[in-house]
Ligand SMILES: Cc1ncc(C[n+]2csc(CCOP(=O)(O)OP(=O)(O)O)c2C)c(N)n1
Ligand SMILES: [Mg+2]
């Protein structure tokens, strides 16, 4: 199947006819949130070419050749640009859009819900009517595709339920080929049929729900009829449609790795040959006298040749820059060999191997050049070769490691700082009231913002940040969601990708685990995997750190920062700082999570007078107490406990400098902590996470990246929570998380060393 030029292939054969039918009803402004079988659809809507398909198969890192992923994704993972190079949203209402595909099965479901929900927002929020480049009054449909077996995932059920409840324009196509790799559908789906299992979701005149259609994947006319009706109703009435497209096949099995003869019976294989949709549509075309056997054969052979040509062209384009590199290295090698005679033989041997490689890869180039440089050692003659090696390192870094975050004007790190203004007569109010006043001003001034989550609407969230605001701004902008963290995150991702500014709430940080997958796999990788063509300016709002009990005082920050590279992680110590972070993020295109302090909502803060202007620069720690003997680095709720310890230590003549990192991702971009350490020569990292979690991350950053080890008088320390989840009650908290006495005792010990 593959000629050895590509590593892995996964294709949409056996599903071509259904995709041609689906493409007929996909209009400008619509979105596709699908999976790796949709190549025919992408070709049919004119958003991918065969040559591009092969470029992706070869992992060509040039985005001109593989505009779908610049070689970063496996074949059949498509995407169209949603933003321009400056991060501004394109005229999406007048183009055919595809959200960048993902490999995790059913991963397309949660954000597909959000993409569809955005249409509902555009239709029902009057402030959004002006943005005609983003939506034609909500007339866009989100076409979601999924395999029959992936419907076993919780993602599928949660999404289907939410779409049925909310009534969003989703056209959901289940490509049913009877298998998920080797596992047949009777082991996947109740009653072996997704449409039957979902029959209770069928919309009735007086209910919400789905329009459900069952069609045969080789019956072009039948599919067109069903798709036309279902998609039209989704567009007009926002009732979602489910198309169970049965009787599809996999002519080549699941993928290029492994053959389906291992798990399909001879009868099934025979049936697949008989009912292959390409064979069936050919018969239908001839029976309907639309064309003749000869004409079709001519077309088929023409198409085969065209594909071969495009394949060759794609490979040549992929090889061209590498061959240039090889050429340059061979030249350098000749000169090296001449100038370093005692290494000439080694260098010539390396050179010979490289030039003999008929299909060199970039890593072969790097390995050869490195080996030559190794042979040359310190010899001055190697100057140009070294220079070239460094150039190539830089070039490859741009090709393979760039674009994790926005870097242009929409980078959250480029947002200018505006300091808080605290008037002399500033009132002291509760933390939740600071947020409430802020969100009020925000919704009055920024039409793009919507907020949702469990209990966010009617009661204005469990801590009253949105109290009274649904009544003021309407339930289209501030609304309640079912208890479904996964799809609340998906809603946020999809809505953000359509150019809006969602604040999607996870009620407590401990429940982030339920919603982590789409953040980690989708939101955090999006900018990277599309090389900047798509952005997801989602803000996840949650609250955490110490309060009471195992599931209301977790602080799994190590988990968060390690699974969410590609997002920013903000850990404000109070609600005013949180406001500054919301403002910064709302001006940028990077996704982020803001973790408010659960125990901070009822603490008093001075109300600043520039709520909407105040911005916090991400990655810039704040020294919240100056001192000279030791630097204590922490964040969030922990800081208040550290302050108390510092008061106690001061009475004993020990002067503590306390640094609030404010954000864990990014972390101290200007090395402010190092500056402090230079002065104190002692450092302690404190947090509530488990040992080896975020405290270890901060330790590593300061010691290794900032070179902090050079300024130490005593061993650096981390002080963390225990390995277990926190026990209940105030005593449980005291003995599970770092406490004042523990901090004091450790610092006193460090001072004596
Ligand atoms: C979360 C996750 N688990 C497992 C896999 C490995 N995997 C890739 S495709 C696949 C089967 C999917 O079957 P189905 O949904 O029926 O789609 P089909 O490939 O048959 O079109 C599996 C198990 C994955 N990609 N993601
Ligand atoms: Mg399948």
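Would a scan of the range 431-445 turn up a residue that is out of contact with any strand residue (DSSP E or B) (no Cβ under 8 Å at 6 or more places or on another chain), within 18 Å of residue 582 (Cα to Cα) and not in a helix (DSSP H, G or I)? No, the range 431-445 has no match at all. Does residue 140 satisfy the condition of being assigned to a helix (DSSP H, G or I) and more than 16 Å from ligand 2 (Cβ to nearest atom)? When the stated conditions are applied, residue 140 does not pass them.
Rundown of residues vs (1) assigned to a helix (DSSP H, G or I); (2) more than 16 Å from ligand 1 (Cβ to nearest atom); (3) at pLDDT below 95; (4) more than 23 Å from the chain's Cα centre (by Cα), yes/no style:
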position: 55; (1), (2), (3), (4): yes, yes, no, yes
position: 71; (1), (2), (3), (4): no, yes, no, no
position: 87; (1), (2), (3), (4): no, yes, no, no
position: 133; (1), (2), (3), (4): no, yes, no, yes
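For the range 551-567, a residue qualifies if it is buried (at least 24 other Cβ atoms within 10 Å of the Cβ) and either out of contact with any helix residue (DSSP H, G or I) (no Cβ under 6 Å at 6 or more places or on another chain) or on the phi > 0 side of the Ramachandran plot (or both), and the qualifying residues are 553, 555, 560.
Here residue 252 fits the description: under 17 Å from residue 15 (Cα atoms) and within 37 Å of the chain's Cα centre (by Cα).
Against the test of being touching a helix residue (DSSP H, G or I) at 6+ places or on another chain (Cβ under 9 Å), within 19 Å of residue 509 (Cα to Cα) and surrounded by fewer than 19 Cβ atoms within 10 Å (Cβ to Cβ), the options 737, 748, 722 yield a single qualifying residue, 722. Residues of the range 181-198 that are closer than 30 Å to residue 121 by Cα and either within 13 Å of ligand 2 (Cβ to nearest atom) or surrounded by fewer than 14 Cβ atoms within 10 Å (Cβ to Cβ) (or both): 194 alone. When restricted to residues that are surrounded by fewer than 21 Cβ atoms within 10 Å (Cβ to Cβ) and farther than 24 Å from residue 55 by Cα, the range 3-28 contains 4. With respect to the stated conditions, residue 151 fails to be within 17 Å of residue 113 (Cα to Cα), away from ligand 2 (no atom under 16 Å from the Cβ) and either under 26 Å from the mean Cα position of the chain (by Cα) or not in a helix (DSSP H, G or I) (or both).
Mind listing whichever residues of the range 336-350 are under 47 Å from the mean Cα position of the chain (by Cα) and either at pLDDT below 95 or over 19 Å from residue 393 (Cβ atoms) (or both)? Within the range 336-350, 346, 347, 348, 349 meet the criteria. The sole residue among 81, 76 that is within 16 Å of ligand 2 (Cβ to nearest atom) and farther than 24 Å from residue 515 by Cβ is 76.
Considering only residues in the range 29-58 that are surrounded by fewer than 21 Cβ atoms within 10 Å (Cβ to Cβ) and more than 29 Å from residue 138 (Cβ to Cβ), the one that is nearest to ligand 2 (Cβ to nearest atom) turns out to be 50.
Looking across the range 696-713 at every residue that is more than 29 Å from the chain's Cα centre (by Cα) and part of a helix (DSSP H, G or I), the one that is surrounded by the most Cβ atoms within 10 Å (Cβ to Cβ) is identified as 708. Look at (1) more than 16 Å from ligand 1 (Cβ to nearest atom); (2) under 29 Å from the mean Cα position of the chain (by Cα); (3) not in a strand (DSSP E or B) and you find that residue 230 fails only one, number (2). In the range 78-93, the residues that are without any contact (Cβ under 8 Å) to a residue 24 or more places away in the chain form Cβ pairs under 7 Å with partners that are part of a loop (DSSP other than H, G, I, E, B) and crowded, with 17+ Cβ neighbours inside 10 Å, at six or more places apart or across chains, as follows: 84/90. When residue 572 is tested against (1) more than 23 Å from residue 521 (Cβ to Cβ); (2) buried (at least 19 other Cβ atoms within 10 Å of the Cβ); (3) modelled with pLDDT under 95, exactly one condition is not met: (3).
The condition of being outside any loop (DSSP other than H, G, I, E, B), on the phi < 0 side of the Ramachandran plot, modelled with pLDDT of 95 or more and in contact with a strand residue (DSSP E or B) (Cβ under 6 Å, 6 or more places away or on another chain) holds for residue 145.
Restricting to the range 264-273, name every residue that is assigned to a helix (DSSP H, G or I) and closer than 20 Å to residue 12 by Cβ. Even if it seems obvious, please write down each step before you answer.
At the first step, the residues of the range 264-273 found to be assigned to a helix (DSSP H, G or I) are 266-273.
Scanning the range 264-273 gives 268, 269, 271, 272, 273.
For the range 408-423, the set of residues classified as under 30 Å from residue 56 (Cα atoms) and surrounded by 15 or more Cβ atoms within 10 Å (Cβ to Cβ) consists of 410, 411, listed by residue number. Cβ-Cβ contacts under 6 Å between residues 6 or more apart (or on different chains), taken from a first residue in the range 144-161 that is within 21 Å of residue 11 (Cα to Cα) to a second residue that is assigned to a helix (DSSP H, G or I) and more than 16 Å from ligand 2 (Cβ to nearest atom), are listed as 144/112.
Specify which of the listed residues (293, 276, 287, 309) is at pLDDT 95 or above and within 16 Å of ligand 2 (Cβ to nearest atom). Before the answer, list the steps.
Numbers: 293 fails: within 16 Å of ligand 2 (Cβ to nearest atom); 287 fails: within 16 Å of ligand 2 (Cβ to nearest atom); 309 fails: within 16 Å of ligand 2 (Cβ to nearest atom).
Result: 276 is the single residue among 293, 276, 287, 309 that is at pLDDT 95 or above and within 16 Å of ligand 2 (Cβ to nearest atom).
All conditions but one from (1) surrounded by 23 or more Cβ atoms within 10 Å (Cβ to Cβ); (2) not in a helix (DSSP H, G or I) apply to residue 492; the one that does not is (2).
Residues are listed down the side, and each one gets a yes or a no for (1) within 16 Å of ligand 1 (Cβ to nearest atom); (2) within 19 Å of residue 111 (Cα to Cα):
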{"position": "158", "(1), (2)": "yes, yes"}
{"position": "163", "(1), (2)": "no, yes"}
{"position": "168", "(1), (2)": "no, yes"}
{"position": "183", "(1), (2)": "yes, no"}
{"position": "199", "(1), (2)": "no, no"}
{"position": "202", "(1), (2)": "no, no"}
{"position": "205", "(1), (2)": "no, no"}
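The set of residues from the range 161-180 being within 16 Å of ligand 2 (Cβ to nearest atom) and either at pLDDT below 95 or under 15 Å from residue 141 (Cα atoms) (or both) comprises 172, 173. The residue of the range 255-280 that is farthest from the chain's Cα centre (by Cα), among those that are within 14 Å of ligand 1 (Cβ to nearest atom) and under 15 Å from residue 175 (Cα atoms), is 272.
The values are calculated or read from the model by the stated rules, or taken from the named source; none is laboratory data. All of these numbers come straight from a predicted model, not from anything done at the bench. Note: ideal-geometry Cβ built from the backbone for every residue, glycine included; neighbour counts use all protein chains shown.
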